[in-house]
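Trainee: Next up is a structure, given as structure tokens.
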Amino acid sequence: MGDYVKFAFMCREKTRSIGAKVAVVGAGPAGLAATGYLACEGYDVDVYDKQPLPGGLMVFAIPQWRIPPERVISGARELEEKFNVKIILRTKVFAEEPEHEEGDDFAEKKANLEDIIKNYDIVLLATGTWSSKTPRIPGVEARGVTTALEYLYKWRIYEYGYTTKKPPTGKNIVVIGGGYSAIDAAEKALKTGADVHLVYRRTIKEAPAGIYEIERVKKEGVTFIELASPTEIIAEDNKVKAVKFQKMTLGPPDETGRPKPVPVPGGEFTIESDLVVFATGESPTPPLRNTTAEKIGLRINKDGTIAVNVLMQTSIPKVFAAGDVVTGPSRIGPAIRNGLKAAKSMHYWYTAKTGKLISFSEVITQ
């Protein structure tokens, strides 16, 4: 990766401007990769992001040893210094009064999505997945219950010095889930000096993070419990005291193709805990509600993702979308590829629209 992540890897510096203005909403991996491509093609790009630093979850949630945040920030800085990209931070883009989502702590300003669509030649929506899924079980609203995204984000902004408020800690922390967010939260919890239980409803073989990652944190000191699902957060004075679990067994495949966890009669047990971290998935966060989407003609799928065609183009021709807000939660590599595909399509669409004949087949076959 070198000293920094190079988002504009097609050229060394911006050599021309074609006089077209692009707005990229979201400075995560998809948004920054698209920005680099479009800047090399001569577009004037403005990037909007709600955080105080560019990089999205690469900078504010993913552990530093997986991807050093300073490399991401340096890559974004290169876009500003060599490619005249304008990165507008602490600004949340939404079509109406913004809904509160995780990671909104530093969104001091707001920009209206409809105004952005009106004022730019092309727009890319790459707002990611900033809303955690938590199971609807008794006690889930108690103090001491959080999500992996919120937990990791709070620690990161504390470590960066953006707040002096120390994130919640505990002696006995239970992390629920089997993906990378669960691994990262469990590892972070362990580093705070807590006893950590990582509980997953399937077996280690089905865990999205993979056997290697779970075995790695087990060696570090995390206690891994498989085939167990939470049924209740036990609280006293609205503060977490323990988590009640139901033992599971694996049944026939569900809609994901993985074996479905089935409760084992009588198989209940509890784990004492003063902090519970749910790492049970995130949902896409488009910058508008469904009602507004219908009004302006932008189609949202039932799962909350933005609907796009094979060219990553939304139902509004000049608006494209990429990354996790289109695919659902993914990893950095796929998000970057997705952003590049969208950027190529944006370039071909705009040049075709302005009179240059370029075949779309090149994009379709990517």
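Trainee: For each of ILE296, ILE233, count neighbouring Cβ atoms within 10 Å of the residue's Cβ, then give the residues from fewest to most. Mind dumping the intermediate values first?
Mentor: Working: ILE296 14, ILE233 23.
Arranged by neighbour count, lowest to highest, ILE296, ILE233 become ILE296, ILE233.
Trainee: On to the next question. Any chance you could check the Cα centroid distance between region 3-48 and region 268-317 for me, in angstrom?
Mentor: Comparing the Cα centres of region 3-48 and region 268-317, I get a distance of 25 Å.
Trainee: Take the Cα coordinates of region 150-302, assign each an equal point scatterer, and use the Debye formula without solvent to give log10 I(q)/I(0) at q = 0.21 Å⁻¹.
Mentor: Here log10 of I(q) over I(0) equals -1.27.
Trainee: Multiply the residue gap between THR164 and ASN119 by 0.36 nm, knock off their C-alpha separation, and tell me the result in nm, one decimal place. Spell out each step's value before the answer.
Mentor: Details: separation 45, 0.36 × 45 = 16.20 nm, distance 3.85 nm.
Extra length available between THR164 and ASN119 comes to 12.4 nm.
Trainee: Here are labelled values, [x] 70, 44, 39; [y] 67, 44, 43; [z] 81, 48, 42, and one is the computed Cα extents along the principal axes in Å for what I pasted. Which one?
Mentor: Correct label, based on the coordinates given: [x].
Trainee: Calculate how many DSSP beta bridges within region 134-278 are antiparallel, expressed in % of all such bridges and rounded to the nearest 5.
Mentor: Here the antiparallel bridges make up roughly 50 percent for region 134-278.
Trainee: Which residues does the label zone of GLU96 cover in region 279-293, counting backbone N under 14 Å from a point 7 Å along Cα→Cβ?
Mentor: In region 279-293, the label zone of GLU96 (backbone N under 14 Å from the point 7 Å along Cα→Cβ) covers 287-293.
Trainee: Grab the eigenvalues of the alpha-carbon gyration tensor for region 1-148, scale each by 5, take roots, and send me the semi-axes largest first in whole angstrom. Numbers along the way, then the final one.
Mentor: Working: eigenvalues 181, 80, 22 Å².
Computed over region 1-148, the values are 30, 20, 11 Å.
Trainee: When the helix-only estimate is applied to the chain (DSSP H runs of n ≥ 4, each -39,500 (n - 2.57), divided by the residue count), what is the mean residue ellipticity at 222 nm, nearest 500 deg cm²/dmol?
Mentor: On the way: 11 runs with 110 residues, N = 366.
Theoretical 222 nm ellipticity from helices: -9000 deg cm²/dmol.
Trainee: While we're looking at this one, here's another question. With springs connecting C-alpha atoms under 10 Å apart, model the chain as a Gaussian network and identify which of TYR348, TYR153, TYR212 has the largest mean-square fluctuation.
Mentor: So, out of TYR348, TYR153, TYR212, the one fluctuating most is TYR212.
Trainee: Just ILE88, ILE211, ILE332 to compare: in a GNM of the chain, with alpha carbon springs under 10 Å, which one fluctuates most?
Mentor: ILE211
Trainee: If I model a spin label as a point 7 Å beyond the Cα along the Cα-Cβ vector, how far apart are those points for THR249 and GLU13 in nm?
Mentor: 6.9
Trainee: Which one of ILE332, VAL243, HIS197 is farthest out on the positive end of the charge dipole of the chain, using unit charges on Cβ (Lys, Arg +1; Asp, Glu -1) and the Cα centre as origin?
Mentor: ILE332
Trainee: Over 20 Å between C-alpha atoms is what I'm after, so list which of LYS21/LYS86; LYS219/LYS260; LYS188/LYS260; LYS171/LYS191 land there.
Mentor: Values: LYS21/LYS86 11 Å; LYS219/LYS260 28 Å; LYS188/LYS260 29 Å; LYS171/LYS191 12 Å.
With Cα atoms farther than 20 Å apart: LYS219/LYS260; LYS188/LYS260.
Trainee: Turning to a different aspect of this structure: Using the Karplus curve 6.51 cos²θ - 1.76 cosθ + 1.60 with θ = phi - 60°, what ³J(HN,Hα) values do you get for each residue of region 131-146, in whole Hz, with x for Gly and Pro?
Mentor: Per-residue couplings from phi come out as 9, 7, 8, 10, x, 8, 10, x, x, 5, 8, 5, 5, x, 10, 9 Hz.
Trainee: Can you bin region 192-237 into rounded, prolate or oblate? Criterion: square roots of the alpha carbon gyration tensor eigenvalues sorted a ≥ b ≥ c, rounded for a/c under 1.5, prolate for a/b above b/c, oblate for the rest. Kindly include the intermediate steps, with their values, before the conclusion.
Mentor: Numbers: a/c = 3.42, a/b = 1.35, b/c = 2.54.
Oblate shape, in that a/c is at least 1.5 and b/c is the bigger or equal ratio.
Trainee: Still on this structure, please answer the following. Taking the Cα centre of the chain as origin, sum charge times position over the Cβ atoms of Lys and Arg (+1) and Asp and Glu (-1), and report the length of that vector in debye to the nearest 20.
Mentor: Numbers: 49 positive and 45 negative charges, 134 e Å.
Using only the charged Cβ atoms, the result is roughly 640 debye.
Trainee: Can you sort ARG337, ARG143 from fewest to most other Cβ atoms within 10 Å of each residue's own Cβ? The partial results should precede the final answer.
Mentor: On the way: ARG337 17, ARG143 13.
Fewest-to-most Cβ neighbours within 10 Å comes out as ARG143, ARG337.
Trainee: In the chain, what % of DSSP beta bridges are antiparallel (nearest 5)?
Mentor: On the way: 21 of 57 bridges.
Bridges in the chain are about 35 percent antiparallel.
No value in this document is a laboratory result; all are computed from the given coordinates. It should be emphasised that the depicted structure is a prediction, and the values quoted were computed from it without experimental measurement. Cβ atoms come from the backbone with ideal geometry, glycine included; neighbour counts cover every protein chain shown.
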